[in-house]
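**Q** This is the structure I want to talk about, given as structure tokens.
The values are calculated or read from the model by the stated rules, or taken from the named source; none is laboratory data. If you're wondering where the values come from, they're calculated on a predicted model, not measured in any experiment. Note that each Cβ is placed from the backbone with ideal geometry, even for glycine, and that neighbours are counted across all protein chains shown.
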Amino acid sequence: MAQFRIPGPLRRLSDGQVTVAVEASDLASAIEALDARYPGFRDRLLDEKGELRQFVNVYLNDEDVRLGSGLQAKVGERDEISIVPAVAGGR
Amino acid sequence: MPKLLGLRCRECGAEYELQATHVCEMCFGPLDAVYDEAALKKIVSRSRIEQGPSSMWRYRDLLPVEDSVAVVTLGEGFTPLVKAERLGAELGLRNLYLKNDSMNPTNSFKDRVVSVAISWARAHGFETIACASTGNLANAVAAYAARAGLECFVFIPIDLEPAKVAAISVFDPNLVAVRGNYDDVNRLCSQLIESTPWAFCNINIRPFYAEGSKTLTFETAEQLGWRLPDEIIIPIASGCQFVRHRQAARELMEYGLVRGERVPAFTGAQALGCAPVYNAFHSDTPDRVLPVKPNTIAKSIAIGNPSDGVYVNRIARETGGVVEAVTEEEIVEAIRLLARTEGIFTETAGGVTIGVLAKLARAGRWKGDETVVAYVTGHGLKTADVLASANGHSSKRVEIEPTMKSFREKVSIS
């Protein structure tokens, strides 16, 4: 099963769990599975059009999904999906 | 009476107590410091500021550090605002000014934000200061941590140039070289804040750090005789400082410090090799800034995934500014242009700013009498290598024997 890494601000939704395992074939279905287990995640991660929210970065095995296939990105058995708040930076 | 009331989400308005946190739990939006503006209105005045120190701390009332706190300072800010007569003549601008922020203690604008961040962190009990950086920020953080006597962890991409590593290492921070690029380092640090009791300047204490940027615009207004210019050109990396400059203009008006009601046009400058904000500004969806993989010599502003990019586009449009971008060749040309006409040697990020200024001027953006200010945010010695690789020798160089004869033969004096 693929593993979500949940950031601090969202762990209230996941009963404090840092990682959550889900059964999914792509990122969109992974988010659905996460939301089915811990309701509220879909609204926090996706906007009304069903796209990733502006201030949410999602990394599939350390690769920013926006640089690749986005929500259609294929998710494998041993993949790690990290949710990271976008607000940071300044070199 | 404390002047800071708390933190507020810029997106959804959710309010939080003062603490080292930077994102809203509800919507992940950025958190901003909230001041007791009614109380500040009673004390903030031009004369109170003018009696303050010759540093950015003369605007202390408008910074997120309480009066009782001993600040960590190296004399940052209150850098020269010079009228650029010769550059202005080349560009057809009779009222062009340069805010030369390379005159800061570690030679970049970052000293402003880091002085505020470390002052706040030390006052709130943090013993370790950290940052993700490729140069300017790390330089400032390492220096100010040394000044404050705090532990320091600096996270850098593993391929950082030796000269930059040396300029950071001299302050003796713990240096963590990460196998990845800047965006990778930044993501790692965004995750590390949850498992370390550290103050990451540009992450968890960002709401305070960011506020230091405002002083650049406060000073510009004061140095222009307490008025705001018609347009300001600002380099864009994360977009953090751009947003703060808009806020600074608002505060200058609200506290009655400047004459007039007109907000300057805020114009952003990017390198085409890393131009996610520029791309979005000129697309049909300026509210959607798509990340890019940076590839530019302007490394100090090469953020592929700029967190405040959307706000930059909103502010530029709202104030009548634009977001423009320049090529690598234009960056180097602009560095030389600024040096040749004004005697100021800037780094590649400054080349981006001056390059955009020149590009817009030559395209006829201004009539000529407007007051235009460009923020020159870092010193040229930080990136001198780009000139060496692009034929750094002066075209006026000659080699001679140590004799009068040889001099007369080889050197023409008009």
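**Q** Restricting to the stretch B:48-80, what's the tally of residues that are over 21 Å from B:Ala140 (Cβ atoms) and among the aliphatic types (A, V, I, L, M)?
**A** Qualifying residue count, the stretch B:48-80: 1.
**Q** Ok, one more. Output the helices (runs of 4 or more DSSP H) that fall wholly within the stretch B:311-413 and possess 1 or more residues being in contact (Cβ under 8 Å) with a residue 40 or more places away in the chain and surrounded by fewer than 18 Cβ atoms within 10 Å (Cβ to Cβ), or say none.
**A** B:328-342, B:348-362, B:385-389
**Q** I'm checking my understanding of the structure. Among residues of the stretch B:165-197 that are over 25 Å from B:Pro276 (Cα atoms), within 14 Å of chain A (Cβ to nearest Cβ) and not small (Gly, Ala, Ser), which one is surrounded by the most Cβ atoms within 10 Å (Cβ to Cβ)?
**A** B:Ile168
**Q** Give all pairs with beta carbons closer than 7 Å in which a residue from the stretch B:283-307 that is free of Cβ contacts under 8 Å to residues at least 40 places away in the same chain meets a residue that is of a type in the set (Val, Ile, Thr); count only pairs at least 6 apart in sequence or on separate chains.
**A** B:Asp287/B:Val310; B:Val289/B:Val277; B:Val289/B:Val310
**Q** From the list B:Val165, B:Val154, exactly one residue is modelled with pLDDT of 95 or more, on the phi < 0 side of the Ramachandran plot, of a type in the set (Val, Ile, Thr) and under 21 Å from the mean Cα position of the chain (by Cα). Which is it?
**A** Among B:Val165, B:Val154, only B:Val154 is modelled with pLDDT of 95 or more, on the phi < 0 side of the Ramachandran plot, of a type in the set (Val, Ile, Thr) and under 21 Å from the mean Cα position of the chain (by Cα).
**Q** Can you name every residue in the stretch A:62-87 that is more than 22 Å from B:Cys24 (Cβ to Cβ), surrounded by 14 or more Cβ atoms within 10 Å (Cβ to Cβ) and touching a residue at least 12 places away in the same chain (Cβ under 8 Å)?
**A** A:Gly70, A:Leu71, A:Ala73, A:Val75, A:Asp79, A:Glu80, listed by residue number.
**Q** Among the residues of the stretch B:120-151, write down those that are at pLDDT 95 or above, crowded, with 24+ Cβ neighbours inside 10 Å and among the polar types (S, T, N, Q).
**A** Hit for the stretch B:120-151 is B:Asn139, nothing else.
**Q** Let me ask another. Mind checking which residues of the stretch A:47-61 are in a loop (DSSP other than H, G, I, E, B) and more than 7 Å from every other protein chain (Cβ to nearest Cβ)?
**A** Matches in the stretch A:47-61: A:Asp47, A:Glu48, A:Lys49, A:Gly50, A:Glu51, A:Asn61.
**Q** Something else now. Among the numbered criteria (1) touching a residue at least 40 places away in the same chain (Cβ under 8 Å); (2) in contact with a strand residue (DSSP E or B) (Cβ under 8 Å, 6 or more places away or on another chain); (3) within 14 Å of chain A (Cβ to nearest Cβ), which single criterion is violated by B:Gly135?
**A** (2)
**Q** Has the stretch A:66-74 got any residue that is in contact with a strand residue (DSSP E or B) (Cβ under 8 Å, 6 or more places away or on another chain) and within 7 Å of chain B (Cβ to nearest Cβ)?
**A** Yes, the stretch A:66-74 has at least one match.
**Q** Only one of these conditions is not met by B:Glu211: (1) in contact (Cβ under 8 Å) with a residue 24 or more places away in the chain; (2) in a loop (DSSP other than H, G, I, E, B). Which number is it?
**A** (2)
Yes or no, residue by residue, for (1) under 25 Å from B:Val386 (Cα atoms); (2) within 11 Å of chain A (Cβ to nearest Cβ); (3) modelled with pLDDT under 95:
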| site | (1), (2), (3) |
| --- | --- |
| B:Trp226 | no, no, no |
| B:Val292 | yes, yes, yes |
| B:Ser300 | yes, yes, yes |
| B:Ala316 | no, no, no |
| B:Glu333 | yes, no, no |
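**Q** Here are some residues: A:Arg66, A:Arg44. Which one is assigned to a helix (DSSP H, G or I), closer than 28 Å to B:Asp32 by Cα, among the charged types (D, E, K, R) and in contact with a Pro (Cβ under 7 Å, 6 or more places away or on another chain)?
**A** Residue meeting the stated conditions: A:Arg66.
**Q** Further, regarding this structure: Using the structure shown, decide if B:Thr21 is within 14 Å of chain A (Cβ to nearest Cβ) and among the hydroxyl-bearing types (Ser, Thr, Tyr).
**A** Criteria met by B:Thr21.
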